[in-house]
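Worksheet: one structure, shown below.
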Amino acid sequence: MPDAITLLSETLIRALGHSLWQAALISAAVWFLLRTLPAKYAERRYAIALGGLAGIVAAALVTWSVLRLEPTESNSDGIQYRRPVEQTVRISDSPSASRQSSPAEPQAEVAELAEHTDQNPTSFAADATSSINPSSPIVARWLAVIWLCGAVVMLLRGLTGFVIARRWLVESAAVAESGLQELTEIVKELSGRLKLRLIVRIVLSDRIDTPAVVGVLWPVIMVPVSMLTGVPADQWRIMIAHELAHIRRWDPLVSLIQMVVESLLFFNPFVWWLNRIIRAEREACCDAVAARICGQPMSVAKTLIDVAASIHRPVISSALAFAEPSSEGELSDRVLRLVQPDRAPRLRISWLSVTVVMVALAATFILLQRGTDIAVQTAANWMSPKERVEKLVQLEAEQNGNFVPARAASADGSRTSDDPNAGKIAVHVIVKTDDGSKITPKLTLHYQSRAGNNGVSGALDGLDAETVEYKKTHYFRPCRLLIGASHPDFAAVSSPVVTLMPEAKEKTIELILTRGSNVDAVVTNEHGQPIALAEIMCAAVFGFGGSWSGGGPQRIQTDEGGRLKLSRIANATYSIEVMANGYQRLRLTQSLEQAVSTNSNEPFKLVLKPARPVSVLILDKESSQPIGNARLRITYRKSAKEGIDFGFSRRWATPDPWLDYAISNSDGVAVLDQLEDDTVYTFAVVTESYGVGVFETKAGDEERAISLSPETKISGRLTGDLQQLQKSTDVAKPGFQVSVRSRIGSVSQDLSGLYWVSVDPSGYFEIDRLAQGERLTLELPNEKKELQITESMTELEIPLQPVESESSTPVRDVVIRLTGTDPEAPAQGTLFVNWSHPTARMDAQVNNNMPVTSNEVRLKVPVGAFLNFRQESLAGYHIDDQSQIAILPSSTPQVIEASVTAVGGVYGSIKRADGSPADRGFATVLAMELPPSEKDSSRVNSPYSQAGFQFMKSVPFGGRYRLLVHEDTDDAHVWTVSEEFTIDESNPIVKMDVVLPTGRDLKLHVVDKDGKPVAAQAVKLSFSFTQKPGGLLSRKSVQVFSSSSFEATSVTDSNGICTFRGLSIDHPLEGIELKLTATTEPGPYRGKSQTISLAETKQPVKIVLSRGLTASGYLIDTATNKPVPNAEIRLMPQQYSAEREYQGWANAKTDATGRFEFSGLEPIEYRGSINDAYPKGAVLQPQSDGGLSISYPANVQQLNLTPTDPPSEPVRWEVILDPRSRWINVGRSVLRSTRVQPDPPKPPR
């Protein structure tokens, strides 16, 4: 904050200093224009003087803005922030830079961290956060204080006049107003002639000697009591006409603005001189109006002289008086203007004014010289195209981890050449304790590295014996790196994300282990009652967006009072999961910093919701007898917020209470009583001697039965040239090995796994513990064999296809050439290139990140293929995606030209309100006005965005933009909008460091038509951000601004209340409009979308749902007349209307019998849509590019559905399955061979 005040003071004083010479030049121009302009042009003279004052103000404001954005040297050392207490990490560029830590150092020591390693700071012209380095900050502060005091004194002086005028008006109410009838009539008459709509009052006062206008918005003419007698009616008409002219011209308001400007620029003599000229010209204008409507100018002049002679007291500054006790020269000037209108009034300038002008002009020349220096410095810092591209390459690496040319992050120490560390950076890792105690071999070290979208994680070598300090060197390729350490006796700790630049030689990372703190916690239900024997799993999370768990988790059980103690807790983010029988599992990820730092005895509260159990009956498929001791293991969980694959293999699925949600009893019944609302689960049923069963369910589902078949096996022999196979890695089993992919079930998330099967030297193989219905894919050389397991099979014979030495498909050289780049700044980066061939399978497509060299990408592509490419990490330029480019036969290279557009960038950091980095932050660029070259906002934002506390966005030149930054965590959804910025050739790169605000909770109350609460109802809250209406739109025919949106989901409790935590809905958004929409999907109730006004969010917002209709049916495969199980169906309304409360689709899935059922429908017609399935009668024609053409003749039976009350009979939908569909592989074939086309030659790298 002190630095900000100093910079603000410096900018202010420099802007005020510049205003002196600017005012001198403007005043000279005003003097030159007025010196020859005759007095009869009073209005023109007034406008010139008033324009001069406005010009001085405008020049000062523009100067302020320019000085704030003045270029300066920027430091690229990176973003520094403090790590939490008790997690001390030190980073340096060499091992010698690592400071030794002694046991005496305090535990609360916090190390400053710098993420980047750039040792050569560069200057560039567009750093929006660049600031002026003041040469004398103390002087600047004192001058700013002096100016502030002077401005306040002058403002108070001016406002005093308005206070006195107000008091005089109050006192005038006590003065008898007899004799005002005649004056009131004059006021009415002259108001009509002046077309003055405002009703003007006239009051008496004994405080003044001349008529005057008092007030700004509702002005009043104040008349002196002394003038009620002895003043002719003609003179009253002249005086009142003069005062009404002031009111008609809004002179009181202009006078107030003059007072404010004069107070703020009190030190500027030219402002004082201009204000005096404005006042003189204003009086002349009103004199001219009085002369025009009341008679001869001589009468006005005589009245002016008579009234001025009778004035004995000064008039307050806030009043506009007919005459004032001014100097003889000013009075005679007004009289001469009336009697000699063709004469140019004399502009009186004193010797003091001339002296000040000379001094100001001297200062002007000095400041002009300074301005020249600034211009030279700006020109020197102007970024050339080459510098722009190189800077963007650097920022892509530092901010996004995209290294140009892209290199995948590698595991440490992989030896692929004679020099295993070639092209790698040495990272010296040091681990020690804060108290100097020894570290045992239980120490575990992990790392995560990321380069672009490629991430690698793994373990580092640990300790072999006790030691006071761990110190080893590991090698990594250029990447963004994070290293963490965990030990059972210490709190987990991690480094920040460190960028290893290609030019870096080495880096040192030091981790300090501490004992951490203890945190008391209590588990209760929604009514505050403690839950005994609840189990908690707690682990620190680190990594990119919290993707790595810091060591083994703590698993603790609550006591009878629902209490427990978490130990070795640091000020870090933790993943916490709580389970208890009969309650929904609670999963949250949040910081325990407050719980660690607080001294309160209040425990950390964990509140569980009651669960809606699901009963599952496990039966033997052949005997229908119950199967006991069968474990229901979770394999996949999907909610509106996320989908998590837990992985599964029955070959090593050991019991785990956190993965096994239930175990069947002797009656074969397993109860899933920990399911969360609004979540779909995939479970595997695992037990000895039986194949695996798979099913999907969600909380509250009806009881279901799962039938298991005895496990099966297959065996056989591979024939042919076995030397094609991979050699066995098992010394005990010499021979070969084959990769086998297994899939079980036909649900939205199949169980799948990849493992190796041994093949003996004679070609014999055996695969056991299979389930009926399991699908195996044997990945053999040059082909894949797919097997559908319906029963045990022996003596299979699978011949191996001979390996073809060369591809039978000709290839052609292809050159992708980027055109339009600057000759001195070629494009740097990679293009993502892939192609498909009509004779190749879909999974044989080739995908490559191809480096751009000399503005070209060269590769070899099979003739007849269709080529697609887009930019992957192209720095400084942008190209449009291109697809389906046919590769034609020829002996010469096929050149494909792609025109580029130069782009700049915006980068920076995202921090939370408490100063910690926002690891899950997202930055979106909103176009407030698009560049002329852009048709829409598609190129403003890349769809390939990663969460993190740093960002770098490529932005087209010539637009006006804002950043929408938001972060979604378990306990907060916050957002903010940055200041507006422009990106162009003179300002190509902008730095924006964003701090997110805090938020508050928003509650929604969901009820039915009778007002009863609707429990367990999922509600999706959408946040949509668009440009506010009335913004500057440069082209009305196209959309010139962009929008952004994101969502949050919550589920209602037993009272129908759902809570969205930590929303920053009170945070102002400049230039952006926020729209909140709450949506409920169709279920027992109709779907509904309701817009929520921000003004009503202080109280729970009520959402009323209506009961919907139900409809059901069966889905039948036309070819086999058999049901299609587990097919996902979407119902689309055929009648779209703005009045409908829900515009979305309804979703359902068929069961094992092909039956489906929809609920929450409206009494309208719907049409069904199914992936990979089409209505009976549709014509499917395969295309040469591997696609499928579908046509619908007139006789096609569309999948229509109209719900009724009561429900009608189930419909029968007959469909044709896509020949490429996964349903074709279920039950139609036992053994199928797919020939693999040889890959084309690898393109040169």
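Longer than 31 Å from Cα to Cα, which of LYS698/LYS1009; LYS733/LYS785; LYS641/LYS784 are they? Say none if no pair is.
From LYS698/LYS1009; LYS733/LYS785; LYS641/LYS784, over 31 Å: LYS641/LYS784.
For ASP489, what residues show an amide H to amide H distance below 5 Å, using hydrogens built from the backbone and excluding near sequence neighbours?
none
Which whole-number percent is the relative contact order of region 713-799 (Cα, under 8 Å, 6+ apart)?
RCO, region 713-799: 38 percent.
Relative contact order for region 584-716 using alpha-carbon pairs under 8 Å, separation at least 6, rounded to a whole percent?
Averaging sequence separation for qualifying contacts and normalising by length gives 32 percent for region 584-716.
Using the alpha-carbon centroid of each, what span in Å lies between region 844-893 and region 148-165?
72
Quick one: which residues, 5 or more positions from LEU796 or on another chain, have an amide H under 5 Å from its amide H? H modelled 1.01 Å from N in the peptide plane, none for Pro or chain starts.
SER715, GLY716, ARG717
To the nearest Å, what is the center-to-center distance of region 1188-1209 and region 680-717, using C-alpha atoms only?
33
Run the numbers for LYS1102 and SER1022: contour at 0.36 nm per residue of separation, minus the present Cα-Cα distance, in nm.
Working it through step by step, the gained length comes to 27.2 nm.
Work out from phi, with θ = phi - 60° and the Karplus expression 6.51 cos²θ - 1.76 cosθ + 1.60, the ³J(HN,Hα) of each residue of region 959-965, listed in order in whole Hz, and give x for Gly and Pro.
Residue by residue, region 959-965 yields x, 10, 9, 9, 9, 9, 10 Hz.
Which percent, to the nearest 5, of DSSP beta bridges fully inside region 1109-1224 are antiparallel?
85
Treating cross-link reach as a plain straight distance, find the lysines whose alpha-carbon is under 22 Å from the alpha-carbon of LYS471, omitting any fewer than eight places away in the same chain.
LYS424, LYS432, LYS438, LYS442, LYS505, LYS507
Can you tally the net charge around ASP251? Count Lys and Arg as +1, Asp and Glu as -1, for every other residue whose Cβ sits under 14 Å from the Cβ of ASP251.
-1
Using θ = phi - 60° and the Karplus form 6.51 cos²θ - 1.76 cosθ + 1.60, what ³J(HN,Hα) does each residue of region 1158-1170 get, whole Hz, x for Gly and Pro?
Values per residue, Gly and Pro as x: 10, 9, x, 8, 9, x, 10, 7, 10, 10, x, 9, 9 Hz.
For PHE646, which sequence-distant residues (separation of 5 or more, or a different chain) have an amide H within less than 5 Å of its own amide H, given hydrogens modelled in the peptide plane?
HN-HN under 5 Å from PHE646: TYR636, ARG637.
At 0.36 nm per residue, minus the direct Cα-Cα distance, what do VAL731 and VAL757 gain on full extension? Give it in nm, one decimal, please.
7.9 nm
From the phi angles alone, apply the Karplus equation (6.51, -1.76, 1.60; θ = phi - 60°) to region 897-902 and give each ³J(HN,Hα) in whole Hz, x where the residue is Gly or Pro.
Residue by residue, region 897-902 yields 8, 10, 6, 9, 10, 5 Hz.
Take every DSSP beta bridge whose two residues both sit in region 902-1105, then give the antiparallel share in percent to the nearest 5.
The antiparallel proportion sits near 85 percent.
Would you please give the FRET efficiency between TRP142 and TRP218, computed as 1/(1 + (r/R0)^6) with r the Cβ-Cβ distance and R0 = 35 Å, to the nearest 0.05?
For TRP142 and TRP218, the calculated efficiency is 0.25.
Can you give the net charge of the other residues whose Cβ lies under 12 Å from the Cβ of SER715, counting K and R as +1 and D and E as -1?
Once positives and negatives cancel, what remains is -3.
Quick check: the distance between the Cα centres of region 1101-1122 and region 988-1006, to the nearest angstrom?
Between the Cα centres of region 1101-1122 and region 988-1006 lies a distance of 39 Å.
Using alpha carbon coordinates only, what is the Rg to Rh ratio of region 902-1105, with Rh defined as the Kirkwood radius?
Ratio of gyration radius to Kirkwood radius: 1.03.
Between ILE896 and TYR1136, how many nm apart are label points set 7 Å from Cα along the C-beta direction?
3.3
How much net charge surrounds HIS428 when only other residues with a Cβ under 10 Å from its Cβ are counted (Lys, Arg +1; Asp, Glu -1)?
Net of charged neighbours comes to +1.
A short reminder: the numbers here are calculations on the coordinates, not readings from a lab. Worth saying up front: this structure is predicted, and the values here are computed from it rather than measured. Cβ sites come from the backbone with ideal geometry, for glycine too, and all protein chains shown count toward neighbours.
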